[in-house]
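Each value in this text was obtained by applying a stated rule to the coordinates, not by laboratory testing. Everything numeric in this text was worked out from a predicted model, so none of it was measured. Please note: Cβ atoms are built from the backbone with ideal geometry, for glycine as well, and neighbour counts cover all protein chains shown.
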Amino acid sequence: MAKKASDHVRYYTNPGGPTIGTVSRGIVEHDGLYFKDLDGSGEYKPFDDWRLPAKERAEAYVNVLSTDEKIAQLFISDWRMGKYPCNVEGHQVTFDESGLLDDAELHGKNIFGEQHLPGTTELIKEWFARHLILRANPTPDDLADWLNQLQAVAEECRHFVPVQVASNSRNENGEAVFGMNDAAGVFATWPGTLGIAAAVRGSGIGLVDEFADCIRREWDGAGLKKGYIYMADVLSDPRWQRSYGTFGEDPELICEIFSHLIPGIQGSEQGVKADGVAMTVKHFPGGGARENGFDPHYQMGQWNVYRTEGSLQKYHLPGFQTAVKYRTSSIMPYYAKPSEEKSVPQTDHKGSPIELKPYGFAYNKPFIEGLLRDQMGFEGYINSDTGIVHNMSWGVESLDKPERIGYAVNQAGVDLISGLFDNEYGREAYDRGLSGYYDTHSVPEGFRKEDIILTEEALNRAVTRTLTELFELGMFENPYRDPKKALEAASDKKDWDRAMEVHRKSVVLLKNDGTLPLMEEHLENKKIYAECFYKDAQRAEKATVKLREALKDKAFLLTERPEEADYAILMLYPSSGEYFNATKGYLELELCEEKEVPDVDGEGRPAEGTHRETTLKGAGRIRELAAAVHKNGGKVIGNLNITLAWEVGNAEPYLDAMTAGFDTEQSAVLDVIFGRFSPVGKLPVTLPRGDQVLAVDQEGVCVSPNDVPGFDKDQYMPEHLKDENGKAYAYRDEAGNYYELDFGLTYVQPRPGFAAAGIRQLHEFT
């Protein structure tokens, strides 16, 4: 086995300039400085010159590349690592000579489409693919080695273009979900994004600076230079599956977070820098305006609905305007398409009506070119969401695949298409513009020939934009990273300790009758019952064992008999629906087990049939456990993990104290319960009162408008649902508190001398 590329990198130092890293690429000297020979000519060319502006270099270099090389750079798709095999049944890894790349062929199929794929070396050298998505969760040193190997293979091509590997978030705790947070626990692990928002509301924006800087250093240290991070979407429909990837329902807070997040991750307020990580902000113009929560990965969820006057401008666009202001490198439009029929007129930044053209937003010129670029001033590139050419081509289904590519790039202004490596379809879209194809073939109704072909001008524009990012990141000069330093960057104790502190700050105290804090010095010989609840009973059982292990060796006693407990600690981790899969009905938000709920028809309206839903296995036992503990004179404490805006009426009345976390480390919740940390977190989302405020009529219209965040829904609610305080939407507990935006209680200060436990250890208990 040959040595890996990491062991063969040669470096050339430029005084006052970048260090050039190469494995096999030639170096040219000019003006006493070193430059990488990008076109393999052996001669200095202006596009080699790192002293020139990135855009200028990109505009020059795009003219050197062949048509096929440029077309290949229009596409980005998932890719596999050799050491971390993909989970495709029957696939056998064939390692390259380095032992890092998987060079086996693969027939890949997922919800986005299917494709026969080559090995990695062929993908880079023959297909000229330069944009990959990483889903695996490797160690930082393995990641650096793999990325280095990709770059070394790219250097062997006639024209050198570095490989840009993108990833969804890797720094938040919680269950790994395809397309959301693909990985966790390797880089410093913070709470979920809702937890970040809860902590910010309670303790200030400064923690976002630390969060962002941590991401930048860790990702850059490994050579991972592109993040599909983060969502600027406002959570307005509580039944949207992707709620837990947002920063909540407050546009002002989202704007504040992104004003710190983007410069912190990318390296400056003026755009991405060489030591930064380029961001793709999602999902323009806001995916939160769902129609009753239906997700646009499937047909029923294809519509964005704006039933409220001014809602697009007031709630959904501000976060993206902030992203533009702070020069995010790219923006991802959502799959969905706007519904004119189901919406009231919406206005653009000039106060003029926006054309709600029923095309998916990646195909929607009024939104991309008109609103985002012309009015909002976006100068980066457009990266489509995954699958728009194949299974999620909402609004342009009448076009064939080459025509969809042509329309997205040429007409709508998309620069990078996510899904599959559709090089052949891209070439066909290009050739049709030259071959007279439409002299013998009809143009689909409602379209023009010039809109559905891929022109040279559009192709060059798109590739210039993505090349500009690569030049800005310094990847042409040195894409290589030291695996040992990558591991060190991700192992910095200060980052992990700071992340743990934010976990504690994310905990929201919702209810307390004086039960909390349980000061351990007052618990000697007291008996505590502890149990975890999940949707899956086996997972709950395993988590309960770990929770009880975490509570051992304390002054108090553990008991498995709730009827003899002085205190019960119940950890609730509900789950609803399944991402990428349509539900039979509306996404269930009640904490329930085997609840009978109505089906929906093909248009998303209530149907006659019913089915049963479970979000929390054993939900009915909460009442029974509480009754047993209360009969003994004991108290019941519950913690609810908020990934969706749960209806808490089946839990809160039976709890004497209640906290909430947001994919928060369980140990951080225990620190709050036992008085080692005083809660400061505030709700970033309103918890709905119950089914009555989410009811959908026979026309598919929800009683609480889907496009309005929870904090503002009351002004649109029917009078008969409002209480004496004029409130209808938010849940109200026994103490009269409304679980709405920015609510959170507190109590004592942390005990002096408390020392944070290491978060790596705490992962054992989650």
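With each pseudo-label sitting 7 Å past Cα toward Cβ, what's the residue 27-residue 63 distance in nm, one decimal?
Output for this residue pair reads 2.9 nm.
Counting only helical runs of four or more DSSP H residues, what would the 222 nm mean residue ellipticity of the chain come to if each run contributes -39,500 (n - 2.57) and the total is spread over all its residues?
Result for the chain: -7500 deg cm²/dmol, rounded to the nearest 500.
Can you tell me the 0 to 90 degree angle between the C-alpha axis of helix 140-155 and the longest principal axis of the chain, rounded to 10?
Approximately 20 degrees, to the nearest 10.
With a Förster radius of 22 Å, plug the Cβ-Cβ distance of residue 156 and residue 86 into 1/(1 + (r/R0)^6) and report the FRET value to the nearest 0.05.
The calculated FRET efficiency here is 0.35.
Hey, can you grab everything whose amide H is under 5 Å from the amide H of residue 284? Only 5+ residues off in sequence or another chain; H modelled, so Pro and N-termini drop out.
Sorted by chain and number, the residues that satisfy this are 332, 334.
If R₀ is 56 angstrom, what is the calculated FRET efficiency for the pair residue 542 and residue 695, using the beta carbon separation as r and rounding to 0.05?
So, using R0 = 56 Å, E works out to roughly 0.95.
Taking H as built 1.01 Å from N, whose amide H comes closer than 5 Å to the amide H of residue 590, not counting residues under 5 places away?
Excluding prolines and chain starts, which carry no amide H, the hits are 647.
Taking R0 as 45 Å, what's the FRET efficiency between residue 252 and residue 450 from their Cβ-Cβ distance, rounded to 0.05?
0.60
Could you name the aspartates and glutamates whose alpha carbon sits less than 17 Å from that of residue 401, not counting residues in the same chain fewer than 8 places away?
Correct list for residue 401: 114, 385, 415, 422, 424, 428, 431, 445, 450, 451.
How many nm separate the modelled label positions at residue 7 and residue 594, each set 7 Å beyond the Cα in the direction of the Cβ?
Using points 7 Å along Cα→Cβ, the separation is 6.1 nm.
So for region 47-489, averaging the separation of alpha carbon pairs under 8 Å that are six or more residues apart and normalising by length, what relative contact order in percent results?
Relative contact order, region 47-489: 18 percent.
Determine the sum of side-chain charges near residue 39: Lys and Arg each +1, Asp and Glu each -1, restricted to other residues whose C-beta is under 13 angstrom from that of residue 39.
For residues surrounding residue 39, the net value is -1.
Restricting to Cα pairs below 8 Å that are 6+ residues apart, what does the relative contact order work out to for the chain? Please round to a whole percent.
It comes to 14 percent, rounded to a whole number.
Using 0.36 nm per residue of separation minus the Cα-Cα distance, give me the extension gain between residue 205 and residue 484 in nm, one decimal.
Extra length from residue 205 to residue 484 when fully extended: 97.2 nm.
DSSP beta bridges in the chain, what fraction antiparallel, as a percent rounded to 5?
The answer is about 40 percent antiparallel.
Name the long-range amide H neighbours of residue 133: under 5 Å, sequence gap of 5 or more, or other chain; modelled H, no Pro or chain starts.
Result for residue 133 returns 77, 78, 79, 166.
In degrees between 0 and 90, to the nearest 10, how far off the longest principal axis of the chain does helix 621-631 point, with axes built from Cα atoms?
With rounding to tens, the tilt is 30 degrees.
What do you get for the angle between helix 251-266 and the principal long axis of the chain? Use alpha-carbon atoms, 0 to 90 degrees, nearest ten.
Orientation of helix 251-266: about 50 degrees from the principal axis.
Express the C-alpha Rg of the chain as a ratio against the empirical globular expectation 2.2 N^0.38 Å, rounded to two decimals.
Ratio of Cα Rg to 2.2 N^0.38 Å: 0.98.
Using the Cβ atoms and a cut-off under 11 Å, what net charge is assigned to the surroundings of residue 70, where Lys and Arg are +1 and Asp and Glu are -1?
Value of the local net charge: 0.
How many nm is it between the label spots at residue 607 and residue 127, if each spot is 7 Å from the Cα in line with the beta carbon?
3.7
Between region 14-93 and region 284-353, what's the alpha-carbon centroid distance in Å?
36
Going through the cross-link list 342/584; 3/109; 631/682; 554/682, which pairs have a Cα-Cα distance over 24 Å in this structure?
Going by Cα-Cα distance, 3/109; 631/682; 554/682 fall outside the 24 Å limit.
Nearest 20 debye, what's the magnitude of the dipole of the chain about its Cα centre given +1 on Lys and Arg Cβ and -1 on Asp and Glu Cβ?
Rounded to the nearest 20 debye, it is 1360 debye.
Over region 306-355, what relative contact order in percent results from Cα pairs under 8 Å that are six or more residues apart?
So the answer I get is 57 percent.
Less than 16 Å apart at the alpha-carbon level, and either on another chain or at least 8 residues along: which aspartates and glutamates does that give for residue 494?
Answer for residue 494, where 16 Å is the Cα cut-off: 209, 210, 213, 218, listed by chain and number.
Would you mind computing Rg(Cα) / (2.2 N^0.38 Å) for region 47-489, counting N as its residues?
Here the answer is 0.93, to two decimals.
Would you mind counting up the charge near residue 613? Only other residues with Cβ under 13 Å from its Cβ, with Lys and Arg at +1 and Asp and Glu at -1.
Local charge sum for residue 613: -3.
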